[in-house]
1. Taking ASP82 as the residue in question, decide whether it is surrounded by 14 or more Cβ atoms within 10 Å (Cβ to Cβ), of a type in the set (D, E, K, R) and part of a helix (DSSP H, G or I).
2. Within the set of pairs 6+ apart or on separate chains, which have a first residue in region 61-85 that is in contact (Cβ under 8 Å) with a residue 60 or more places away in the chain, a second that is of a type in the set (A, V, I, L, M) and exposed (fewer than 11 other Cβ atoms within 10 Å of the Cβ), and C-beta atoms under 8 Å apart?
3. GLY29: in contact with a His (Cβ under 7 Å, 6 or more places away or on another chain) and either exposed (fewer than 12 other Cβ atoms within 10 Å of the Cβ) or farther than 30 Å from SER80 by Cβ (or both), yes or no?
4. Return the pairs, sorted by first residue and then second, in which the second residue is assigned to a strand (DSSP E or B), the first residue lies in region 3-24 and is over 27 Å from ASN74 (Cβ atoms), the beta carbons are less than 6 Å apart, and the residues are 6+ apart or on different chains.
5. Report, by residue number, each residue of region 20-51 that is basic (Lys, Arg) and over 12 Å from the mean Cα position of the chain (by Cα).
6. If you go through region 9-25, how many residues are in contact with a strand residue (DSSP E or B) (Cβ under 6 Å, 6 or more places away or on another chain) and either closer than 14 Å to ILE45 by Cβ or part of a loop (DSSP other than H, G, I, E, B) (or both)?
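The values are calculated or read from the model by the stated rules, or taken from the named source; none is laboratory data. In this text, all values refer to a predicted model and were calculated from it rather than measured experimentally. Cβ: placed from backbone, ideal geometry, glycine included. Neighbour counts: every protein chain shown.
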Amino acid sequence: MAKPIIDILPVVETIEDVDKLTPAFERLGYTVRGEFGMLGRRFFIKTRDGKRCFNVHVFQEGHPDIERYLRLRNHLRTHSEDAKA
């Protein structure tokens with residue numbers, strides 16, 4: 001609700017297995033960004049009419065950034081002024 005982009009956060013057992021799925025993501029119209037500045041993440045984006053509409057951040061179980069993403073989501077859900085900003 002804070003922005004017009006849907007963020008998806010799959011958590012997998014083995015991050016290297018996600019690399020095998022890269023062609024499937026591309027066939028679905030996603031752009032593959034690799035780690036894109038975050039060690040251990042696999043990042044995919046999808047655009048529609050030239051605007052980004054989906055971010056997929058894939059992490060392996062236990063990665064510390066999973067909790068960080070969820071804390072931010074929860075904060076924005078309960079602090080409407082921060083979400084608007």
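1. no
2. Hits for this filter: LEU76/MET1; ARG77/MET1; ALA83/MET1.
3. Numbers: in contact with a His (Cβ under 7 Å, 6 or more places away or on another chain): no; either exposed (fewer than 12 other Cβ atoms within 10 Å of the Cβ) or farther than 30 Å from SER80 by Cβ (or both): yes.
For GLY29, the condition - in contact with a His (Cβ under 7 Å, 6 or more places away or on another chain) and either exposed (fewer than 12 other Cβ atoms within 10 Å of the Cβ) or farther than 30 Å from SER80 by Cβ (or both) - is not met.
4. THR22/VAL32
5. Let us first name the residues in region 20-51 that are basic (Lys, Arg), namely 20, 27, 33, 41-42, 46, 48, 51.
Answer for region 20-51, where residues must be basic (Lys, Arg) and over 12 Å from the mean Cα position of the chain (by Cα): LYS20, ARG27, ARG48, LYS51.
6. Matching residues across region 9-25 total 4.
Each row is one residue, and each column tells you yes or no for (1) out of contact with any helix residue (DSSP H, G or I) (no Cβ under 8 Å at 6 or more places or on another chain); (2) outside any helix (DSSP H, G or I); (3) modelled with pLDDT of 95 or more; (4) surrounded by 13 or more Cβ atoms within 10 Å (Cβ to Cβ).
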residue	(1), (2), (3), (4)
ASP7	no, yes, no, yes
ARG33	yes, yes, yes, yes
ASN55	yes, yes, yes, yes
ARG77	no, no, no, no
